[in-house]
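All of the numbers you see were taken from the coordinates with simple rules; none came from a lab. What you see is a predicted model, and the numbers here were worked out from it, not measured in a lab. Heads up, the Cβs are rebuilt from the backbone with ideal geometry, glycines too, and the neighbour counts pull from every protein chain shown.
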Amino acid sequence: MTRPMPNYIPDDADQRRAVAPVICYPTETLPTPDLALYRRAREGAEKIAEVVVPPREAATFRARAGQFFRISSIEGPQVGDFNLWNAHDLSERFYSGKTRALHGTHLGAGARMWSSFPHLRPMATIIDDTLGWYGIDEYGGSVHDVIGTRCDPYTNNLLSGGQYHHCCHSNLTRALADELGISLAEAEPHVHDVLNVFMCTGFTRDTGQYFMKASPVRPGDYLEFFAEIDVLGALSACPGGDCSAEHSSDTAACHPLLVEVFATKGDALKGWRSPEPNGYDRRHGR
Ligand SMILES: [Zn+2]
């Protein structure tokens, strides 16, 4: 973004800029997931469901607390816009902003998808990420971001004036409406900012603008989660495909995504309990 030239620069500008940053939310007291337990439990788990998300469409799935779900790239590089709700209460949904504040701009193994207030509890924990090797590239880009929103027809209309109906926002709206047997108007307010699965993004260092680049994902790559509570998920195979050029049109090459759900056996999760909603008493000082 081009900023107007400042008309005033204080004498101690350099000094003020030189102040070292502090981490907003130190994570020492953040409850850590027992990844070893989850991974052991995953070894004996069996697949109980799968759904293929067609290109430029979305699909829903459900996973019970203690089950696993895996999002896989199949056929070709493709990113996915992912929404997650409490399966029994749509008002509890994924909170990308707080997840970003707690875990950083991009998620990987060990990070969790946190839910909205007043619940603020882990909905799902990432246990495996085949793109974990990518790290942060020379442009400041990384994968699986919680800094973007979801591509949507309103911004598209604002910027280009068109009517495009297969942005992830609309795909997620249709999929949720179909899943719950409600109208599009009823479903739309439940759609929220996403976890951008496989998408490679960052902010430009010089202008601070949100950028995307071709996703490093290849068929066979996956991101796998442990469901901490009963969840309803919706995944859109973004019309941007691998997001190397553009989105919000039918121009990009698009591919399907696969979601699989796995259930554990016996007492594989012994000692684990589904997290309770947040402990704040909600008196807000009154
Ligand atoms: Zn999208």
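With point charges of +1 on the Cβ of Lys and Arg and -1 on the Cβ of Asp and Glu, referenced to the Cα centre of segment 19-71, which listed residue (54, 30, 65) lies farthest in the positive direction of the dipole?
Selected residue: 54.
Quick one: compute the contact order of segment 32-263, relative version, from alpha carbon pairs under 8 angstrom and 6+ residues apart, as a percent.
Averaging sequence separation for qualifying contacts and normalising by length gives 41 percent for segment 32-263.
Could the peptides 214-220, 144-150, 91-97, 178-184 be put in order, highest first, of the mean number of other beta-carbon atoms found within 10 Å of their residues?
Peptide ranking by packing, descending: 144-150, 91-97, 214-220, 178-184.
Please give the peptides 165-173, 201-209, 77-85, 240-248 ranked by average Cβ packing (other Cβ atoms within 10 Å per residue), highest first, as a rough proxy for protection.
Most protected by this proxy first, the peptides run 77-85, 165-173, 240-248, 201-209.
Along the charge dipole of segment 93-232, pointing to its positive end and built from +1/-1 on Cβ of Lys, Arg, Asp and Glu, which listed residue (168, 232, 220) has its Cα farthest out?
Going by the Cα projections, it comes out as 168.
How large is the dipole of segment 32-263 about the Cα centre if only Lys and Arg carry +1 and Asp and Glu carry -1, each at its Cβ, rounded to the nearest 20 debye?
Dipole size: approximately 400 debye.
Calculate for the chain the 222 nm mean residue ellipticity that helices alone would give, adding -39,500 (n - 2.57) per DSSP H run of length 4 or more and normalising by residue count, nearest 500 deg cm²/dmol.
Working: 6 runs with 47 residues, N = 286.
Helices in the chain give a 222 nm mean residue ellipticity of -4500 deg cm²/dmol.
Kindly rank 66-76, 25-35, 129-139 from highest to lowest mean number of other beta carbons found within 10 Å of each residue.
Details: 66-76: 20.2, 25-35: 11.5, 129-139: 14.2.
Packing order, densest peptide first, comes out as 66-76, 129-139, 25-35.
Taking the alpha-carbon distance from residue 47 and a cut-off under 19 Å, which lysines remain once sequence neighbours fewer than 8 residues away in the same chain are dropped?
265
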